Amino acid sequence: MSKEPITEEFFLNKLAAAKVHFERALDCKHTEFDDLYPYMIEHPQFFWYKRYVAWSELLTIVNLCKELDFAWEPQFSNHQVEYVNERVMSAKVLDYWFEKNDSKEHAQR
């Protein structure tokens, strides 16, 4: 069985999927993680852990894209690129990931 070479398109598709996974976790929507650990829904810390796992997945794929010189940034807004480059899933990331470009913060830039 012959395997196809791993391409930039492959990584960018994985990156897009990881971004959707993280965004669904931020919105407390259903993800694969819920199916793997259904008992955790009963625990308040579940949503923090779910977000952390999704963030870690996103950072891992971004790091691979960086190492391979694949253009990962176009899939993100400018402020999202900043958050990913900072690597820390802070309250700022959780609160402003979906921030619109017409906000006051962006108007000042």
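The values are calculated or read from the model by the stated rules, or taken from the named source; none is laboratory data. As the structure is a prediction and not an experimental result, all values here were calculated from the model. When we count neighbours, we look across all protein chains shown, and the Cβ atoms used for this are built from the backbone with ideal geometry, even at glycine. Ligands, DNA and RNA are excluded from the accessible area calculation, which covers all protein heavy atoms including side chains. Shrake-Rupley method; radii C 1.70, N 1.55, O 1.52, S 1.80 Å.
Among the residues of the range 41-61, those that are modelled with pLDDT of 90 or more and of a type outside the set (D, E, K, R) comprise Y52, V53, A54, W55, S56, L58, L59, T60, I61. What residue, among those in the range 42-51 that are in a helix (DSSP H, G or I) and under 27 Å from Y83 (Cα atoms), is most open to solvent (accessible area, probe 1.4 Å)? Here the residue is W48. Kindly indicate which of P5, P74 is without any contact (Cβ under 8 Å) to a residue 24 or more places away in the chain, surrounded by fewer than 17 Cβ atoms within 10 Å (Cβ to Cβ) and assigned to a helix (DSSP H, G or I). Testing whether each residue is without any contact (Cβ under 8 Å) to a residue 24 or more places away in the chain, surrounded by fewer than 17 Cβ atoms within 10 Å (Cβ to Cβ) and assigned to a helix (DSSP H, G or I) leaves just P74. Pairs only if they're at least six apart or on different chains, beta carbon under 6 angstrom, first in the range 28-41 and closer than 15 Å to W55 by Cβ, second assigned to a helix (DSSP H, G or I) and not aliphatic (A, V, I, L, M); list them, first residue then second. Final answer for the pair search is C28/F47; T31/H21; T31/R24; F33/K50.
Restricting attention to the range 29-51, the residues that are within 18 Å of S90 (Cβ to Cβ) and over 10 Å from the mean Cα position of the chain (by Cα) total 5. Tallying residues that are modelled with pLDDT under 75, in a helix (DSSP H, G or I) and either surrounded by 11 or more Cβ atoms within 10 Å (Cβ to Cβ) or in contact with a Lys or Arg (Cβ under 9 Å, 6 or more places away or on another chain) (or both) within the range 22-40 yields 3.
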